[in-house]
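A.B. asks: Input: one structure, supplied below.
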Amino acid sequence: MQIPEASNFIQEIIVNDLTTGKRTEVHTRFPPEPNGYLHIGHAKSICLNFGTALKFGGKTNLRFDDTNPTKEDVEYVDSIREDVHWLGFDWEDREYYASDYYEQTYEFAEKLIQLGKAYVCELQGDDVSTYRGTLTEAGKPSPWRDRPIEENLDLFRRMRAGEFEEGRYFLRAKIDMAHPNMNMRDPAMYRIKKATHHRTGDKWCIYPMYDFAHPLGDWIEGITHSICTLEFEAHRPLYDWFLIALGLDNRPQQIEFARLNLTYTMMSKRRLLELVQNKVVMGWSDPRMPTVSGLRRRGYSPSSIREFADRIGISKADSMVDINLLYFCIREELNASAQRAMAVLDPIKVVIDNWQDGREDMIEVENNPENPAQGSRRISFGKEIYIDAEDFMENPPKKYFRLHPEGEVRLKGAYFIKCVNVLKDAAGKITEVHCTYDPASRGGESPDGRKVKGTIQWVSVAHAVDAEVRLFDNLFTLENPAAVPEGQNWMDFVNPNSLVKKQAKLEPMLGEATLADRYQFMRLGYFCLDSEDSKPGNLVFNRTVELKDSWGKSQAKV
RNA sequence: UGAGCUAUGGUGUAACGGUAGCACAACAGAUUCUGAAUCUGUUUGUCUUGGUUCGAAUCCAGGUAGCUCAACCA
């Protein structure tokens, strides 16, 4: 196989390994802990691990890192499986669990004891950290550090047998209590936990720590490149130490990259959980959540997320990606593919005075100007239509070229209309706009060639479909919600306008929408049915992303 | 005088000792039956100080700034 060209520093390592013959294949793994839902940061890692293996003709395992039974649950296993598949990746039959290796992991631990490289410690609570020292001072050896091998073995076996209470003993690697890297100061390998594990049940009452289980899992599976995030960098010497101490050949190589940060987005699993528990959002799959399930419900496609992951690149520098790039990726895709439709979010009624009562016209409109192959559709037009309140102004600013008194505007695909009168209620609120239409402008062109700058969407009153339309905005008002100013609470930066519900009027076709459909509501944005709340007769549409709006932006400035 | 890592336009990322490029964002114009899309153009960058070299974003040294590490979490 021709070795592809590297496009980031991890691929450079791989290309180098392949060309020097250090490796003959690439085998990665995605190792989530099943203690929460996957978010877009995980999606970056999934795309990295699966994408890299794919590029080099290798494989990727899905491995659940389930070494802490008190935090993990099958609910999360199921959602993770679904999300990885949905993103478009396949681990075939290679679905593994750290718990699959508990027996082997245990044997490796005994071996380390026999080699005099691990011991059973009985330091309690604060004493453990006291003995460990601080960042600037060396630690001191545990009193149990030189326990005889036979005694260690006996104790460790009895730990497994369940003879001791939690915390009474724990197994530690015997490395160096004065090591400048705190992770090397005799780290814990096994602890007693009398908890029921979601897969192994009550078979075990001792569980391995991540630092011990992870390199072993990688080695057992034949992983070549073990890709993880930056915070594990200081753990790499330990990762290597275990494999070397056990004399294991063909060691996997741990490589770290910077995790994703997104503007206006909370990425902390713990805080996302708080949002769910405090009912700040509707749940893990709330379309405002950065979870994979939230993005899915919002209307993002797997390919748009892969495209995003591709564009942000991979490096070791901490960074903050502009959320506009995510928006760009989904707009770019939907612009090319989405069916166009007309919808009115804040309806005001327009009555066409010179239109014959009861007369109806069928108007032909293209389904997607970006792709003529998608054809066209016919829509009923009549004397009464809805337009958006935003598309009419009694006293318009300069350069406003939507409907206004004396002004002429084109109704998409239909006719030119001109405003002749405005009706209001006692409170001064506009109730009806009366217009006249130009019969010669049918289809949206006038034979006299006069230009009409504004084109607006419309919905026939007689045929309108009612629906709830949900408009989403960033969940946080702070660009970096992870860095809240001194003395303030991150919850105070939840955007109160992150969800706005509209009672909208839609063109008839949208009444037949299915979950798989993606629409561009013309001049508004991209929308899809809400997978959880939309029901026949009670439609709910979600706005995936709005269209760019240079007019709105210029108006916001004045 | 703890250790490790990182530093390129507003943002993200290339350039591997030889012309600082791409994308997003922003701005301007053209175009438009979506104030979208499209097209054209513009603004803005190698953290700093030295050194090596004909030549440094790249190599070396010192600074500075940021991130990570003292769970029987992952």
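A.B. asks: Where the second residue is aliphatic (A, V, I, L, M) and assigned to a loop (DSSP other than H, G, I, E, B) and the first is without any contact (Cβ under 8 Å) to a residue 12 or more places away in the chain and lies in the range A:200-228, which pairs have Cβ atoms under 9 Å and are six or more apart or on separate chains?
C.D. replies: Pairs found: A:Asp202/A:Ala195.
A.B. asks: Moving on. Going residue by residue through the range A:251-260, is there one that turns out to be more than 9 Å from RNA strand B (Cβ to nearest atom), without any contact (Cβ under 8 Å) to a residue 40 or more places away in the chain, closer than 21 Å to A:Ile175 by Cβ and part of a strand (DSSP E or B)?
C.D. replies: Yes, the range A:251-260 contains at least one residue that is more than 9 Å from RNA strand B (Cβ to nearest atom), without any contact (Cβ under 8 Å) to a residue 40 or more places away in the chain, closer than 21 Å to A:Ile175 by Cβ and part of a strand (DSSP E or B).
A.B. asks: When you go through A:Arg271, A:Arg236 one by one, which is the residue that is surrounded by fewer than 18 Cβ atoms within 10 Å (Cβ to Cβ), of a type in the set (D, E, K, R) and under 29 Å from the mean Cα position of the chain (by Cα)?
C.D. replies: The match here is A:Arg271.
A.B. asks: Residue check: is A:Val409 farther than 20 Å from A:Ser446 by Cα and either touching a strand residue (DSSP E or B) at 6+ places or on another chain (Cβ under 6 Å) or more than 12 Å from RNA strand B (Cβ to nearest atom) (or both)?
C.D. replies: no
A.B. asks: Tell me which residues, restricted to the range A:269-322, are hydroxyl-bearing (Ser, Thr, Tyr) and outside any helix (DSSP H, G or I).
C.D. replies: Residues satisfying the conditions are A:Ser285, A:Thr291, A:Tyr300, A:Ser301, A:Ser315, A:Ser319.
A.B. asks: For residues that are surrounded by 12 or more Cβ atoms within 10 Å (Cβ to Cβ), more than 9 Å from RNA strand B (Cβ to nearest atom) and part of a loop (DSSP other than H, G, I, E, B), tally how many sit in the range A:539-558.
C.D. replies: Of the residues in the range A:539-558, 1 are surrounded by 12 or more Cβ atoms within 10 Å (Cβ to Cβ), more than 9 Å from RNA strand B (Cβ to nearest atom) and part of a loop (DSSP other than H, G, I, E, B).
A.B. asks: On to the next question. Quick check on my filter: what residues within the range A:189-199 are touching a residue at least 60 places away in the same chain (Cβ under 8 Å), out of contact with any Lys or Arg (no Cβ under 9 Å at 6 or more places or on another chain) and within 11 Å of RNA strand B (Cβ to nearest atom)?
C.D. replies: A:Lys193, A:Ala195
A.B. asks: Kindly provide the set of residues from the range A:31-61 that are assigned to a strand (DSSP E or B), surrounded by 24 or more Cβ atoms within 10 Å (Cβ to Cβ) and either assigned by TED's automatic domain parsing to the domain that holds A:Leu295 or not polar (S, T, N, Q) (or both), ordered by number.
C.D. replies: A:His39
A.B. asks: Can I ask one more? Quick one: how many residues across the range A:62-88 are free of Cβ contacts under 8 Å to residues at least 60 places away in the same chain and crowded, with 21+ Cβ neighbours inside 10 Å?
C.D. replies: 5
A.B. asks: Hey, does the range A:267-284 have a residue that's on the phi > 0 side of the Ramachandran plot and not assigned by TED's automatic domain parsing to the domain that holds A:Lys44?
C.D. replies: Yes - at least one qualifying residue is present in the range A:267-284.
A.B. asks: Those residues that are within 9 Å of RNA strand B (Cβ to nearest atom) and either out of contact with any helix residue (DSSP H, G or I) (no Cβ under 8 Å at 6 or more places or on another chain) or at pLDDT below 95 (or both), I need them from the range A:364-389; list them, please.
C.D. replies: The answer is A:Val365, A:Pro369.
A.B. asks: When you scan the range A:396-501 for strands (runs of 3 or more DSSP E) that lie fully inside it, which ones turn up with 2 or more residues that are within 24 Å of the chain's Cα centre (by Cα)?
C.D. replies: A:465-472
A.B. asks: Residue by residue through the range A:1-30, note down the ones that are surrounded by 13 or more Cβ atoms within 10 Å (Cβ to Cβ), hydroxyl-bearing (Ser, Thr, Tyr) and within 15 Å of RNA strand B (Cβ to nearest atom).
C.D. replies: Correct list: A:Ser7 only.
A.B. asks: Which residues, taken from the range A:309-318, are in contact (Cβ under 8 Å) with a residue 60 or more places away in the chain and touching a Leu at 6+ places or on another chain (Cβ under 8 Å)?
C.D. replies: Listed by number, the residues that qualify are A:Ala309, A:Ile312, A:Ile314, A:Lys316, A:Asp318.
A.B. asks: Starting from residues that are touching a Lys or Arg at 6+ places or on another chain (Cβ under 6 Å) and within 9 Å of RNA strand B (Cβ to nearest atom), keep the ones in the range A:207-244 and report whichever is farthest from A:Ser99 (Cα to Cα).
C.D. replies: Among those that are touching a Lys or Arg at 6+ places or on another chain (Cβ under 6 Å) and within 9 Å of RNA strand B (Cβ to nearest atom), it is A:Thr229.
A.B. asks: Shifting gears a bit: Can you go through A:Asp186, A:Asp93, A:Asp146 and tell me which one is assigned to a loop (DSSP other than H, G, I, E, B), within 10 Å of RNA strand B (Cβ to nearest atom) and acidic (Asp, Glu)?
C.D. replies: Unique residue meeting the criteria: A:Asp186.
A.B. asks: Between A:Ser319, A:Ser337, which is among the polar types (S, T, N, Q) and within 9 Å of RNA strand B (Cβ to nearest atom)?
C.D. replies: Residue meeting the stated conditions: A:Ser319.
A.B. asks: So for the range A:491-508 (the condition being within 16 Å of RNA strand B (Cβ to nearest atom) and surrounded by fewer than 20 Cβ atoms within 10 Å (Cβ to Cβ)), does at least one residue qualify?
C.D. replies: The answer is no; no qualifying residue exists.
A.B. asks: Which residue, of A:Asp100, A:Asp90, A:Asp17, is among the charged types (D, E, K, R), at pLDDT 95 or above and under 25 Å from the mean Cα position of the chain (by Cα)?
C.D. replies: Selected residue: A:Asp90, the only one of A:Asp100, A:Asp90, A:Asp17 that is among the charged types (D, E, K, R), at pLDDT 95 or above and under 25 Å from the mean Cα position of the chain (by Cα).
A.B. asks: In the range A:115-139, which residues are more than 8 Å from RNA strand B (Cβ to nearest atom) and of a type in the set (A, V, I, L, M)?
C.D. replies: A:Leu115, A:Ala118, A:Val120, A:Ala138
A.B. asks: Say whether the condition of being farther than 17 Å from A:Gly222 by Cα and either touching a helix residue (DSSP H, G or I) at 6+ places or on another chain (Cβ under 9 Å) or not assigned by TED's automatic domain parsing to the domain that holds A:His214 (or both) is met by at least one residue in the range A:17-26.
C.D. replies: no
A.B. asks: Further question on the same structure: Of all residues in the range A:518-538, count the ones that are in contact with a Leu (Cβ under 7 Å, 6 or more places away or on another chain) and more than 14 Å from RNA strand B (Cβ to nearest atom).
C.D. replies: Result for the range A:518-538: 2.
A.B. asks: Scan (1) part of a helix (DSSP H, G or I); (2) over 20 Å from A:Glu82 (Cβ atoms); (3) aliphatic (A, V, I, L, M) for the single condition A:Met266 breaks and write down its number.
C.D. replies: (1)
The values are calculated or read from the model by the stated rules, or taken from the named source; none is laboratory data. Because the structure is a prediction, the values reported are computed rather than measured. Quick reminder, even Gly has a Cβ in these numbers, built from the backbone with ideal geometry, and neighbours come from all protein chains shown.
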